[in-house]
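Scroll down for the structure; my scribbles are underneath it.
The numbers here are math on the coordinates, done by the rules we state, and not lab data. Quick caveat, the model's predicted, so the values are computed rather than measured. Cβ coordinates were reconstructed from backbone atoms using ideal geometry, including for glycine residues, and neighbour counts include every protein chain displayed.
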Amino acid sequence: MTGVFFLLFLMIAMNFFKISVVENERYQAMANDQHFGSILISAHRGSIYDSKGSPLAKSASVYKVFLDPRQFQKELKALQESIDKRSKEKLDGTYKPKYDDDGNELNTLPESAEAFKNEAIDFLSEKLGITAEKVSSAMVENSQYSILQDQVEKPIADEVLAFFDEYEFISLNVEEDTKRYYPHNELAASVIGFTSAGGDGMYGIEAYYDDYLAGVDGKTISAKDSNGNELPYRYSKTYAAKNGDDVYMTIDTEIQYTLETHLEEMVTEFEVKNRACAILMNAKTGAIYGMATYPSFDLNEPYEIADTAAAEKIAQLTGDAATKATSDEREAQWKNKCITEIYEPGSVFKVITSSAAIEENLIDLENDSFYCSGSVTLPGAAPIHCHDWGGHGAQSFQRALTNSCNPAFMEIGSRLGVDKFCYYYDAFGLKEQTGIDLPAEGVGIGFEAENMSPVDLAVSAFGQGDTLTPIEMITSYCAAINGGYLLQPYVVDKIVDEDGNIVLKNERTVRRQVISEDTSEKVRTALGNVVTGGSSGGNVRIKGYSIGGKSGTSERLSLDKDEYGASYVCFAPVEDPEIILLVLADMPNADIGYYGSVVAVPTARHIFEDVLPYLGYYPAYTDEEIEELDVKIPLLEGSISDAKDTLDGLGVKYEIIGNGIEVVAQSPQTGSSVAKGGCVYLYTEKGNNVEYAVVPDLKYSSPEVANESIAYCHLNYVAKGASVKKSNAVVNSQSIPAGTRVPFGTTIELEFIVNENQD
Ligand SMILES: [Zn+2]
């Protein structure tokens, strides 16, 4: 007996142990579920603003519509009972219908509970945009909470509530929820990111700063009786929600828009197949003012395929292939390609090689001479060509950098040697994340010193063979020119809570000093000379601004031979750099153009022309620039002799049309610019027939030829881009197409480029 009792006791004790200790949490949860109900109070998600306080992401109230199926079944049953009762009363003659003032019967009931249910299914599926099956299966669920639809706008939520209110059903209800709106649609899409249907940050700032933006949900907890019904209010407790913080970016909407507009122009003109990227950053602090990836997508419709060509291709697929292609395409469009994808930098990398060699005192800037015969053959390897196959001959370091000469940089690379080259490669942060405050940052792939051959060293020295992300490139280049400081770039300036307290403030963060201030000064001066020094780098020139820069063209070795990456990194002012810009066109159509100096440089110039004045940098002209400054044409109406004097003073010619005694009209109009030596047409008779000219085709014309043709056609021009004083400058584009009929005197904008020594 004792033995049997002991065994029984042991079994009971073990069960107690199992319930109270081992499975404690499970039973606790079951108990709580029976005794407590809770209603979620959603925290309001914080907004995202640009650097000027203009909203880029905001949340608005929407509603989650849900059904309590058990309650619904009870209510249906009660409704049927009322219907049955009333039909019995009608039969008995005891039912007294009531009418409103217009004679409509009040308190009518449906034909049957089943009929009401079917009507409700149709109504809900139509209003909420869900299938009838979804509604009908929710109605028979054995639960108290079944979500029918998320993110329902208020008018629809009100209609749905009113429908159920007619027969006093309380089983259908709504919960307030939030919806995210992005007022600028595509602008900075891959930087801002978006939220999932559940409201969690996905991609970009929405993901990186989700903890700040999300806030903390609150809830009301109420006790339930033994049947699971909620007890009255006095047994409940409410924990208020803590709303999310607001994020203020360093990105300026105006600058971002400028970047995206000019990237789009570049992609269209050069039929860029892969990606186009642009980053504009403060060279002293690392604050990013603009970061663009083209093509972009609409943050309000992130799941839609923005690339119409890709969308058409997907439309022809079916089943798994279609599903996979859609998800691949979405992933691709959501990516911030400025920070996630790697590329071969090409000659832009010569800035890093130069910095390392100058820091190590391996280059005599005054006396060194680098000889280029057009190619170099290293033992056991195929010849490595300079992009000028004829060779650059003997050159100083400055000339070699301006020429972007590969053999010269192979020599500089060999002076550094594998160990020092790799040391600086690492020091400039090219094999590590920059630490930018955005998710999914990629990392470049560089050689390791122990397995780097002489050929690897030679090609790496001029930027071929290693890969890095655009953000790594601009950050390392920035260190080369800003005094040597490798910065941590950032896109968020500050985060502010709902009471206005600053809870996070990003500031200049120096990761390390890579080269000395002295070396950096030499590097930025040399890069300034690249722009003024007559090579294709001069294409970025903007009169009145001191700009330094280096272009690059890399072969995409991983792909077919004819695929290139064209890029440019430039900065201003040269003496004390504050603004730095990277432009990358990955896989332009090589038949149209693939050199960095042809594809990326003009785009960079267009961006700087817009952004530098916007940021408060005003032109300061050199004496040489003053000489070639354009002339703004004033109002000349009135006395002919006054007009003549004015134009003589401005160095502009004139021609008088008509026999009147006063100037009554002029071309070009007041405020237009013309190059010095241009001609203004003065009309002296009212109703004079305007004389017309046909715009000539000036593409590839030298400055002299362009000047002559324009004058011959009675037109005017202003020159942009490379200096017209460079012997090899030619017209790259004209603002009014050839063949257009325009009035005499009209000003055409000509963009000059230097076509030699392209890289
Ligand atoms: Zn060369």
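Please give the FRET efficiency for Lys313 paired with Arg508, using the beta carbon to beta carbon distance and R0 = 51 Å, rounded to the nearest 0.05. Walk me through the intermediate numbers first.
Working: r = 46 Å, r/R0 = 0.89.
E between Lys313 and Arg508, to the nearest 0.05, is 0.65.
Among residues other than Phe409 whose Cβ falls under 12 Å from its Cβ, what is the net charge (Lys/Arg +1, Asp/Glu -1)?
On the way: positive: Lys350, Arg415, Lys550; negative: Glu411, Asp759.
Net of charged neighbours comes to +1.
For the stretch 628-754, please report how many Lys pairs fall under 27 Å Cα to Cα, leaving out neighbours fewer than 8 apart on the same chain.
Count of close lysine pairs: 24.
Relative to the present Cα-Cα distance, how much length would full extension add between Ala78 and Ala440 at 0.36 nm per residue of separation?
124.7 nm
Roughly how many nanometres apart are two label points built 7 Å out from the Cα toward the Cβ at Arg86 and Asn107?
Distance between label points: 0.9 nm.
Taking the Cβ of each residue in Asp245, Asp562 as the centre, tally the other Cβ atoms inside 10 Å and list the residues starting with the fewest.
Going from least to most buried by this count: Asp562, Asp245.
If a/c stays under 1.5 just call it rounded; otherwise compare a/b with b/c (prolate if a/b is bigger, oblate if not). Do that for the stretch 542-624, with a ≥ b ≥ c from the square roots of the Cα gyration tensor eigenvalues. Show your work: numbers first, answer last.
Numbers: a/c = 2.84, a/b = 2.59, b/c = 1.10.
Here the stretch 542-624 falls in the prolate category.
Quickly work out the Ala115-to-Thr323 label distance, labels modelled 7 Å from Cα along the C-beta direction, and quote it in nm with one decimal.
Spacing of the two 7 Å Cα→Cβ label points: 4.3 nm.
Efficiency by 1/(1 + (r/R0)^6): what FRET value for Ser453 and Ser373, r their Cβ-Cβ distance, R0 = 22 Å, to the nearest 0.05?
0.50
Take Asp419 and Cys713, extend 7 Å from each Cα along the Cα→Cβ direction, and tell me the distance between the two endpoints in nm.
Rounded to a tenth, the inter-label distance reads 6.4 nm.
Find out how many positive minus negative residues lie around Gly638, taking Lys and Arg as positive, Asp and Glu as negative, among other residues whose Cβ is under 12 Å from that of Gly638.
-3
So how much slack lies between Asn15 and Ile221, counting 0.36 nm per residue of separation and subtracting their Cα-Cα distance, in nm?
So the chain would gain 71.0 nm between Asn15 and Ile221.
What are the aspartates and glutamates whose alpha-carbon lies under 15 Å from the alpha-carbon of Lys237, with same-chain residues fewer than 8 places away excluded?
List returned: Asp217.
Under 12 Å from the 7 Å Cα→Cβ point of Glu265, by amide nitrogen: which residues of the stretch 607-631?
Under cut-off, by backbone N: 607-611.
Report the extension gain between Asp165 and Glu498 in nm, rounded to one decimal, defined as 0.36 nm multiplied by the number of residues separating them, less their alpha carbon distance. It would help to have the intermediate numbers written out before the result.
Details: separation 333, 0.36 × 333 = 119.88 nm, distance 3.67 nm.
116.2 nm is the gain from fully extending Asp165 to Glu498.
Order of Asp200, Asp298 from fewest to most other C-beta atoms within 10 Å?
Working: Asp200 13, Asp298 17.
Placing the least packed residue first, the sequence is Asp200, Asp298.
Could you please state, rounded to a whole Å, how far the C-alpha centre of the stretch 609-687 is from the C-alpha centre of the stretch 164-181?
69
Mind putting a number on the dipole of the stretch 628-754 about its Cα centre? Charges go on the C-beta only, +1 for Lys and Arg and -1 for Asp and Glu, and I need it in Debye to the nearest 20.
In debye, rounded to 20, the stretch 628-754 gives about 360.
So for Glu432, Glu81, fewest C-beta neighbours within 10 Å to most, what's the order?
Details: Glu432 14, Glu81 11.
Result, fewest neighbours first: Glu81, Glu432.
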